[in-house]
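Each remark here refers to the structure printed beneath this line.
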Amino acid sequence: MADEILRLENVCKAYNVGLPTETEVLHDIDLSLNHGEFLALMGPSGSGKSTLLNIVGLLDRPTSGRLIIKGQDTAALGDADVTHLRGHTIGFVFQYHLLISAFTAKENVMMPMLADRGFPSAEIEARAGRLLAQVGLQKFADNLANNMSGGQQQRVAVARALAMSPDLVLADEPTGNLDTKSADSVFELMREVNRDSGNSFLLVTHNLDLARRCDRIIEVVDGRIRS
Amino acid sequence: MNRWLPFEWITAVRFLREGRLQTLFIVVGIAIGVAVIVFMSAMLAGLEANFIKRVLTSQPQIQLLAPDQVARPLRQARGEVEDAIVQRPSQRVISIDQWPKIRDQMLAIPEVTAVSPTIVGSVLAIRGDASRAVTLSGIEPESYFKIVKVPDYVVAGEPRLSSEDVIIGIELANNLGATVGDKLNIQVASGANRVLTITGLVDFGNKGANQRTAYAALRTAQSLLGMIGGVTTIDMTVQDIYAAETIAQRIQAANAVEADSWIKTNAQFFTAVRAQETSNTLIRVFVALSVAFGIAAVLIVSVIQRSKDIGILRAMGTSQGQVLRVFLLQGGLLGFVGSLFGAALGATALIYWHAVARQADGSELFPLVLERRLFILTALLATATGLLAATAPAVRAAKLDPVVAIRG
């Protein structure tokens with residue numbers, strides 16, 4: 001329990017609550033994730049994986065149940081506290097890279113730190129440089145996001161997710177849009193970060209080969225956890 | 001990245017820079033709107049100042065007159081009025097009762113800037129066989145010239161008025177075939193007359209005024225008009241020309257005089273000035289509104305286009321307040337930059353129009369006044385308009401659900 005970074009207790013999520021069209025997409029989810037654990041979340045499309053990830057990432061709120069991050073129950077937190085917790089504890093990697101096209105690779109990595117501190121600094125810039133080096137993209141630091149390949153963009157996204165040294169990285173099908181070689185390389189990068197830095201990872205994937213290389217696999221089917 | 005710029009500023013500028021074409025078009029739109037406001041404000045203010053200067057430097061802003069003489073019906077008892085037709089008596093030219101005391105009271109009013117006693121009467125100006133009926137004003141030049149800028153209108157001779165001098169309108173001089181240095185016989189209805197020397201000719205830009213005007217020293221006119229020591233009007237100027245009517249009413253209520261302001265005596269002109277001001281304000285308001293809606297429309301489109309970016313920013317820990325400020329700043333920046341270009345464009349158009357547009361006599365149509373205040377105010381107004389216009393898009397961006405935004 002003390003080593004837990006994340007715990008979900010009886011989490012349900014329903015849309016259109018109170019309306020005739022009310023639909024429950026997650027039913028009584030119980031899940032926990034330990035520090036440094038690399039967990040794969042699998043399941044068919046529409047099973048509720050992304051909804052679960054959004055709830056864990058504090059982008060969405062559960063209809064009922066408890067979400068505890070680093071021992072803190074998030075139900076009572078206001079928007080500002082949720083934003084702060086998200087910024088400092090969770091990093092995101094999305095399927096479609098989703099870098100901000102107005103910024104260079106390095107600036108994209110700097111953004112979470114900039115949003116947190118308010119002003120750029122040499123320290124922020126140096127950290128962004130180190131993270132880009134860690135993902136092997138130091139040479140592309142000044143490239144605009146759109147001037148890089150999918151694999152490179154996803155590596156930048158991983159570097160950005162690590163910018164605030166989060167305890168938990170949520171990756172929503174980060175390799176789903178990449179060719180096999182790039183997908184493997186991005187996955188290896190995340191695994192390496194997990195081993196070196198001890199960040200926990202929650203990886204949503206359809207790729208069974210990649211899932212098998214994770215510490216644990218959880219399968220979500222029809223809004224319930226099967227294993 | 002500039003180290004001294006905050007996160008919101010950096011993001012706002014980058015978003016504007018990335019959407020270059022969109023930014024360029026809206027900045028041009030704002031610049032045109034601001035240019036119209038600067039051009040119209042400066043030109044119309046100049047025109048208005050010119051008109052007002054012409055009107056108010058050739059007549060007093062407030063004129064005190066002796067009250068009308070009225071006939072009162074006989075009253076037989078309390079509440080009873082004798083059934084009789086009461087005719088209005090003919091109005092003799094009479095002096096204002098105790099005018100030196102009233103003049104001193106007027107000088108003590110803080111809003112009053114100049115006071116001058118004047119005597120006005122009808123006389124005949126005779127030179128040889130020619131004679132013309134004119135209005136003779138007996139004035140104290142020192143105080144009167146502060147109210148009616150006679151020296152500014154002198155086209156020949158000088159504005160000098162000793163006891164033997166007279167200044168006349170240029171048309172009157174033409175009609176009498178007289179010029180500076182000539183003698184003029186001034187005769188009143190009672191038969192009294194005096195020969196005065198023309199020291200100056202004035203052109204008020206109004207043929208009627210130029211035909212009828214004659215100025216003599218106060219004492220000379222008093223003696224000619226048979227009113228030794230008397231004055232028929234007390235002329236005044238005040239600090240705020242638009243407060244003249246209110247001050248006149250206050251004076252009339254407190255003294256036994258009739259007080260006429262320039263607003264009352266030039267009612268049509270004043271209405272025209274006010275109508276012009278109102279239409280100018282309306283045009284400015286509508287231009288500002290169209291600029292505001294332009295900015296709002298561009299930013300709303302930008303929020304839609306950038307919804308994924310907003311989602312990412314929110315996911316990485318950017319607060320709603322920061323997102324709000326990013327879009328508010330974009331509106332403010334668009335307004336400010338547009339106002340700079342607009343001010344330059346408006347000033348250029350104003351300089352060009354000032355050089356091209358001339359009155360019939362070749363003089364300038366309006367004084368070219370490029371006040372720093374106007375530019376600063378316009379820039380502030382445009383920036384504030386930008387911020388205000390950006391409010392709705394910024395709130396929309398801040399309230400965007402990150403899940404929906406990222407999903408697109």
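The values are calculated or read from the model by the stated rules, or taken from the named source; none is laboratory data. Since this is a predicted model, take the numbers as computed values, not measurements. Here Cβ is always computed from backbone atoms with ideal geometry, including for glycine, and neighbour counts include all displayed protein chains.
Answer with yes or no whether B:GLU158 is out of contact with any Phe, Trp or Tyr (no Cβ under 6 Å at 6 or more places or on another chain), more than 26 Å from B:ALA243 (Cα to Cα), surrounded by 15 or more Cβ atoms within 10 Å (Cβ to Cβ) and acidic (Asp, Glu).
Working: out of contact with any Phe, Trp or Tyr (no Cβ under 6 Å at 6 or more places or on another chain): yes; more than 26 Å from B:ALA243 (Cα to Cα): yes; surrounded by 15 or more Cβ atoms within 10 Å (Cβ to Cβ): no; acidic (Asp, Glu): yes.
Against the criterion (out of contact with any Phe, Trp or Tyr (no Cβ under 6 Å at 6 or more places or on another chain), more than 26 Å from B:ALA243 (Cα to Cα), surrounded by 15 or more Cβ atoms within 10 Å (Cβ to Cβ) and acidic (Asp, Glu)), B:GLU158 does not qualify.
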- Sort out which residues of region B:1-44 are away from chain A (no Cβ under 14 Å) and farther than 30 Å from B:ALA357 by Cα, and write them in order of number. B:LEU21, B:LEU24, B:PHE25, B:ILE26
- Residues in region A:188-206 that are assigned to a loop (DSSP other than H, G, I, E, B) and surrounded by 14 or more Cβ atoms within 10 Å (Cβ to Cβ) total 3
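Here's the yes/no breakdown for (1) part of a helix (DSSP H, G or I); (2) farther than 25 Å from B:VAL231 by Cα; (3) touching a Gly at 6+ places or on another chain (Cβ under 8 Å):
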{"position": "B:GLU142", "(1), (2), (3)": "yes, no, no"}
{"position": "B:VAL155", "(1), (2), (3)": "no, yes, no"}
{"position": "B:PRO159", "(1), (2), (3)": "no, no, yes"}
{"position": "B:VAL166", "(1), (2), (3)": "no, no, no"}
{"position": "B:LEU172", "(1), (2), (3)": "yes, no, no"}
- Limited to region A:158-176, what total is found for residues that are surrounded by fewer than 22 Cβ atoms within 10 Å (Cβ to Cβ) and away from chain B (no Cβ under 14 Å)? 1
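A quick yes/no check of all residues on (1) within 20 Å of B:ILE126 (Cα to Cα); (2) among the basic types (Lys, Arg); (3) modelled with pLDDT under 90:
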position	(1), (2), (3)
B:LEU172	yes, no, no
B:ASN185	yes, no, no
B:ARG194	yes, yes, no
B:GLN211	yes, no, no
B:ARG219	no, yes, no
B:THR232	no, no, no
B:GLU245	no, no, no
B:GLN249	no, no, no
- Note on the structure: Matching residues in region A:107-125 (surrounded by fewer than 23 Cβ atoms within 10 Å (Cβ to Cβ) and touching a Leu at 6+ places or on another chain (Cβ under 7 Å)) number 2
- Any chance B:ALA275 is at pLDDT 85 or above, away from chain A (no Cβ under 14 Å), in a helix (DSSP H, G or I) and farther than 27 Å from A:MET164 by Cβ: yes
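Matching residues to (1) surrounded by fewer than 16 Cβ atoms within 10 Å (Cβ to Cβ); (2) free of Cβ contacts under 8 Å to residues at least 40 places away in the same chain:
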{"position": "B:PHE15", "(1), (2)": "no, no"}
{"position": "B:THR23", "(1), (2)": "no, no"}
{"position": "B:ILE37", "(1), (2)": "no, no"}
{"position": "B:ARG54", "(1), (2)": "yes, no"}
{"position": "B:ARG78", "(1), (2)": "yes, yes"}
{"position": "B:ARG92", "(1), (2)": "yes, yes"}
{"position": "B:ASP97", "(1), (2)": "yes, no"}
{"position": "B:PRO117", "(1), (2)": "no, no"}
- Query: Within the bounds of region B:345-361, is there any residue that is acidic (Asp, Glu) and within 14 Å of another protein chain (Cβ to nearest Cβ)?
  - Reply: no
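For region B:45-74: of the residues being basic (Lys, Arg) and either within 14 Å of chain A (Cβ to nearest Cβ) or part of a helix (DSSP H, G or I) (or both), which is nearest to the chain's Cα centre (by Cα)?
Kept after step one, since they are basic (Lys, Arg), are these residues of region B:45-74: B:53-54, B:72.
Still in the running and either within 14 Å of chain A (Cβ to nearest Cβ) or part of a helix (DSSP H, G or I) (or both): B:53-54.
Working: B:LYS53: 8, B:ARG54: 11 Å.
Filtering region B:45-74 for residues that are basic (Lys, Arg) and either within 14 Å of chain A (Cβ to nearest Cβ) or part of a helix (DSSP H, G or I) (or both), the one nearest to the chain's Cα centre (by Cα) comes out as B:LYS53.
Would you check if A:HIS97 is at pLDDT below 90 and either charged (D, E, K, R) or within 16 Å of the chain's Cα centre (by Cα) (or both)? Walk me through it before giving the result.
Values: at pLDDT below 90: yes; either charged (D, E, K, R) or within 16 Å of the chain's Cα centre (by Cα) (or both): yes.
When the stated conditions are applied, A:HIS97 passes them.
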- Within region A:95-120, track down each residue that is within 19 Å of B:GLN305 (Cα to Cα), facing chain B (nearest Cβ under 7 Å) and aromatic (Phe, Trp, Tyr). A:PHE103
- Flag if A:ASP81 is modelled with pLDDT of 90 or more and part of a loop (DSSP other than H, G, I, E, B): no
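Can you confirm whether B:ARG325 is without any contact (Cβ under 8 Å) to a residue 60 or more places away in the chain and in the same structural domain as B:ARG17 (by TED's automatic domain parsing)?
no
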- region A:158-189 - residue that is modelled with pLDDT under 90 and of a type in the set (Gly, Ala, Ser) and, of those, nearest to the chain's Cα centre (by Cα): A:SER165
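Among the residues of region A:207-222, which ones are in a strand (DSSP E or B) and aliphatic (A, V, I, L, M)? Before the answer, list the steps.
To start, the set of residues in region A:207-222 that are in a strand (DSSP E or B) comprises A:216-221.
Matches in region A:207-222: A:ILE217, A:ILE218, A:VAL220, A:VAL221.
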- Item | Spans of helices (runs of 4 or more DSSP H) in region B:305-408 with at least 1 residues under 23 Å from the mean Cα position of the chain (by Cα) and among the aromatic types (Phe, Trp, Tyr) | B:320-356, B:372-398
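Can you work out which of the residues in region B:81-124 that are basic (Lys, Arg) and either in a strand (DSSP E or B) or at pLDDT 90 or above (or both) is farthest from the chain's Cα centre (by Cα)?
From region B:81-124, those basic (Lys, Arg) are B:88, B:92, B:101, B:103; that's our starting set.
From the residues that got through so far, the ones that are either in a strand (DSSP E or B) or at pLDDT 90 or above (or both) too are B:101, B:103.
Values: B:LYS101: 32, B:ARG103: 27 Å.
Among those residues, the one meeting the criterion is B:LYS101.
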- Message: Among the numbered criteria (1) at pLDDT 90 or above; (2) within 14 Å of chain B (Cβ to nearest Cβ); (3) outside any loop (DSSP other than H, G, I, E, B), which one does A:SER50 miss?
- Response: (1)
- Item | Which listed residue, of B:ALA259, B:ALA244, B:ALA315, B:ALA248, is within 14 Å of chain A (Cβ to nearest Cβ) and in contact with a strand residue (DSSP E or B) (Cβ under 6 Å, 6 or more places away or on another chain) | B:ALA315
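Looking at region B:224-256 only, could you name the residues that are without any contact (Cβ under 8 Å) to a residue 24 or more places away in the chain and hydroxyl-bearing (Ser, Thr, Tyr)?
Within region B:224-256, B:TYR242, B:THR246 qualify.
Out of curiosity, is A:ALA128 buried (at least 17 other Cβ atoms within 10 Å of the Cβ), more than 11 Å from chain B (Cβ to nearest Cβ), assigned to a helix (DSSP H, G or I) and modelled with pLDDT of 90 or more? So that I can check it myself, show each step before the final result.
Details: buried (at least 17 other Cβ atoms within 10 Å of the Cβ): yes; more than 11 Å from chain B (Cβ to nearest Cβ): no; assigned to a helix (DSSP H, G or I): yes; modelled with pLDDT of 90 or more: yes.
Spelling it out, it is not the case that A:ALA128 is buried (at least 17 other Cβ atoms within 10 Å of the Cβ), more than 11 Å from chain B (Cβ to nearest Cβ), assigned to a helix (DSSP H, G or I) and modelled with pLDDT of 90 or more.
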- Item | Verdict on B:SER307 being among the hydroxyl-bearing types (Ser, Thr, Tyr) and in contact (Cβ under 8 Å) with a residue 24 or more places away in the chain | yes
- Query: Just to be sure, is B:GLU171 buried (at least 17 other Cβ atoms within 10 Å of the Cβ) and acidic (Asp, Glu)?
  - Reply: yes
- Message: Of the residues B:SER143, B:SER163, B:SER223, B:SER137, only one is crowded, with 16+ Cβ neighbours inside 10 Å and farther than 17 Å from B:SER116 by Cβ; which?
- Response: B:SER223
